[in-house]
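Student: Structure provided below as structure tokens; questions to follow.
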Amino acid sequence: MIGEVDKTTVLSTFSDNKINIIDLFAGIGGFHYAFKNTIKDTNIEYNCSLVSEIDTSAIHVYRNNFNYENDIIDVNKINDHLSKDENVKENVDIVFCGFPCQSFSNAGMRKGFQDENRGKLIFKVIGFVKQYKPKIILLENVKHIVKHDNGRTFKIIIDEFKKLEYITTKDVLKDPLILNPINFNLYQSRERVFIPFVKKDIAKNVNDLGEPKQINNTFEKIKWDKKIIFDDKVDNKYYLKSKKNCSETYRALKAWEEFVKYFISKKKKIPVIWLDEMINKKYKSKSIAINSDWYKNYMNAMNKFYKENKTFIDKWAKKHKVLDFKLRRNKKLEWQAGMDTKFEETYLQLRQSGFRFRKPICFPTLVATVQVPIIHDKKGWRYLTPKENAKLQSFPEEHIIDKNDHQAYKQYGNSINVNVARLVIETFLLKYIKEIYERKRNA
């Protein structure tokens, strides 16, 4: 059960006649599901030989969903762990690796390889690859890693694998494989870079694995209806109105509803609104961006908007006591839903920077924080449930979800999208997986 600590010590198991997969930084098993889904209509048998993960809650979820009984270990201890197993050599077939992205993400500190705790972990993976020579590798990370440090970070990673005799997609430095679920009829915007590698002695074409555009042929293989995403029955605890710590947020939401509906009825475009900057005469901004062009442009647009609509805005602000809101985010509005979207049909993201309303086309990127998307249904405004987050990440219906909501949101925010990963495996790697399997069966 989730919450129990498994103290069993079992060494990794490698098979001579099955495909052996290694799942590094495994999370709750997104890559594992993607691989299973890819081979389900083939005769390929596989063995999950090694799993690396350090998050206790994620480990419990992984064990529950895959009945995995072997040790799940820290990536830093892989070599010590495998040195005890004599059957490893020549049997490491596939390595899946969604290595930590915080060091390369726009949302993080962007320290890259200077981040001692996370940024250098990719070199642990490279060291493992150098020693055990897996036949196939699939890496995944945030889109920004491609441009991090003016492209030098991405080039270093690619070059390291090329030195070890691996090939990847054509012109990978100029045309990396950056994929977004919304381009596959999935309702989440989540740009990620995937890097497939195949050992040169396995691949027939030693120049490259093909071009990213090849994946276009599979667009129609995944198609969901929004009704499948949303749960029919939702516990009251997910509704803003019922949350004790959301009383001010709920008040702010009602205030912004009146504000937005008024200006939509007048067909007036709403700029980014920062209430303190706009109407609080005592407020002095401490923003480090105060002299930047983008900040000045926002202020100019907002001040012009205020002068043109001062009578309504002052009356509205007094009615809802908006300057009394303690949370600064409740005083900020980004209306990105246009003039043809009803307020109740939008998808709301509560960010540190304020209320961001989007068109109901796709959900914003799920993240490993409390920024869970909010929707409006027949009972009111509510957070997406963990189960709905699982669906947005393409996890199967039978997937066992962590009972702790906070942990579940974190896990899906950290995960890959299962169906996008499946398409990458299917498009670029499946033919080699079949060849490797046949070789093992005929050995």
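Each value in this text was obtained by applying a stated rule to the coordinates, not by laboratory testing. Quantities reported herein were computed from a predicted structural model and do not represent experimental measurements. Reconstructed Cβ throughout: ideal geometry from the backbone, glycine too, with neighbour counts over all protein chains shown.
Student: Among the listed pairs 36/440; 244/268; 213/332, which have their C-alpha atoms separated by more than 28 angstrom in this model?
Tutor: Flagged as over cut-off: 244/268; 213/332.
Student: Just name one of 364, 322, 298: the one whose Cα is farthest towards the positive end of the charge dipole of the stretch 272-369 (beta-carbon charges, Lys/Arg +1, Asp/Glu -1).
Tutor: Looking along the dipole axis, the top candidate is 322.
Student: So which trypsin sites (Lys or Arg not before Pro) in the stretch 374-426 pass both tests, a DSSP loop state and at most 11 other Cβ atoms within 10 Å of the Cβ?
Tutor: Hits after loop and neighbour filter: 378.
Student: Next up: Which order do peptides 293-306, 28-41, 269-282 fall in by mean Cβ count within 10 Å, highest first?
Tutor: 28-41, 269-282, 293-306
Student: Related question: When 177, 327, 333, 50 are ordered from fewest to most other Cβ atoms inside 10 Å of their Cβ, what list results?
Tutor: Ranked by crowding around the Cβ, least crowded first: 327, 333, 177, 50.
Student: Please compute the alpha carbon radius of gyration of the stretch 232-384, then divide it by the globular-protein estimate 2.2 N^0.38 Å. Two decimals is fine.
Tutor: 1.06
Student: If the reach is capped at under 15 angstrom between alpha carbons, list the aspartates and glutamates near residue 410, excluding any in the same chain fewer than eight residues apart.
Tutor: Of all the aspartates and glutamates, those that pass the test against residue 410 - Cα under 15 Å, at least 8 places apart if same chain - are 53, 55, 388, 402.
Student: If you don't mind, another one. If I take every Cα pair under 8 Å that is 6 or more residues apart in the chain, average their sequence separation and divide by the length, what percent do I get for the relative contact order?
Tutor: 17
Student: Let me ask another. Leaving out same-chain residues fewer than 8 places away, which lysines sit with a Cα under 19 Å from that of residue 124?
Tutor: 77, 84, 89, 111, 133, 135, 155, 162, 163, 199
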